[in-house]
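The values are calculated or read from the model by the stated rules, or taken from the named source; none is laboratory data. Not measured: the values here are computed from a predicted model. Ideal geometry is used to build each Cβ from the backbone, glycine not excepted, and the neighbour counts take in all protein chains shown. Heavy atoms of the whole protein, side chains included, go into the accessibility calculation; ligands, DNA and RNA do not. Shrake-Rupley method; radii C 1.70, N 1.55, O 1.52, S 1.80 Å.
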Amino acid sequence: MSKDSVTVVVPVTIEEQNQLSEVITRFVRAYASKDNAKANALIHPELGIYIIYRPGASDTFVKMDSLDFAHPVPEVFAYPDLNTEFALTFEKLPSYDCGTEKWNKEGFICDTTAHPNQLSNITSFEDEFDEDKFSEEDLIRIEVSEKESYRVIVTADQPLIFHVRKYKGAWYVTTLDRAYAGCDA
């Protein structure tokens with residue numbers, strides 16, 4: 001597959017919107033209850049899940065087959081408790097200001113008008129220092145995934161940020177971003 005053959009999937013019908021909403025909501029519930037089985041049921045075995053984290057000054061990621069709440073990535077940063085009373089909305093995502101340590105708006109939000117680019121940004125940065133770290137196939141796979149994905153943010157002191165993607169007719173969680181809104185590096 002080349003990156004030029006990407007078809008952007010936009011939930012148009014009420015049924016498609018409901019399917020997307022259901023997967024997003026189920027993942028948030030599974031994460032909040034730290035239920036490996038329920039969370040991993042929403043991760044496609046072929047796609048796996050990318051976990052973005054910040055070990056120092058810059059972000060990096062690993063690709064895993066599944067989540068294990070008892071063995072977090074990175075291992076020194078346990079998966080936090082998540083309590084949210086927000087209902088899912090579809091609108092422009094909130095942003096986090098490290099100066100004020102506040103979100104510009106709070107909520108449980110998915111933006112279906114924009115696509116995430118965090119993984120591409122990380123690969124571009126890391127590729128400058130280690131040209132052999134990612135194969136051309138890896139780079140294309142990541143770019144295609146992002147063009148077919150949407151980002152979800154649940155604001156909190158320890159937010160939940162993840163990406164969802166429609167793959168082979170169903171929605172899956174493909175990325176967990178544990179770095180955004182972390183201002184300590």
field: Lone qualifier among T100, T123, T174 - being open to solvent by 20 Å² or more (accessible area, probe 1.4 Å) and either modelled with pLDDT of 90 or more or assigned to a loop (DSSP other than H, G, I, E, B) (or both)
entry: T100
From I142, I109, residue being under 16 Å from the mean Cα position of the chain (by Cα) and closer than 25 Å to P45 by Cα: I142
- request: Could you check how many residues of segment 22-37 are surrounded by 16 or more Cβ atoms within 10 Å (Cβ to Cβ) and of a type outside the set (A, V, I, L, M, F, W, C)?
  value: 3
message: Here is a check on your reading of the model: is T60 touching a residue at least 40 places away in the same chain (Cβ under 8 Å) and touching a helix residue (DSSP H, G or I) at 6+ places or on another chain (Cβ under 8 Å)?
response: yes
- request: Please tell me if N40 is touching a residue at least 12 places away in the same chain (Cβ under 8 Å), polar (S, T, N, Q) and open to solvent by less than 80 Å² (accessible area, probe 1.4 Å).
  value: yes
message: With the structure loaded, tell me whether P45 is more than 16 Å from D177 (Cβ to Cβ), open to solvent by 70 Å² or more (accessible area, probe 1.4 Å) and either hydroxyl-bearing (S, T, Y) or part of a loop (DSSP other than H, G, I, E, B) (or both) or whether it fails that test.
response: yes
query: Looking at E101, E106, which one is more than 30 Å from E16 (Cα to Cα) and of a type in the set (D, E)?
result: E101
- request: Would you point out which residue out of E143, E106 is open to solvent by 40 Å² or more (accessible area, probe 1.4 Å) and in a helix (DSSP H, G or I)?
  value: E143
- request: Please determine, by comparing only the residues of segment 48-86 that are within 27 Å of G107 (Cα to Cα), not aromatic (F, W, Y) and not in a loop (DSSP other than H, G, I, E, B), which one is modelled with the lowest pLDDT.
  value: T60
Unique residue being assigned to a helix (DSSP H, G or I) and either modelled with pLDDT under 95 or charged (D, E, K, R) (or both) when the list is K38, K92, K34: K38
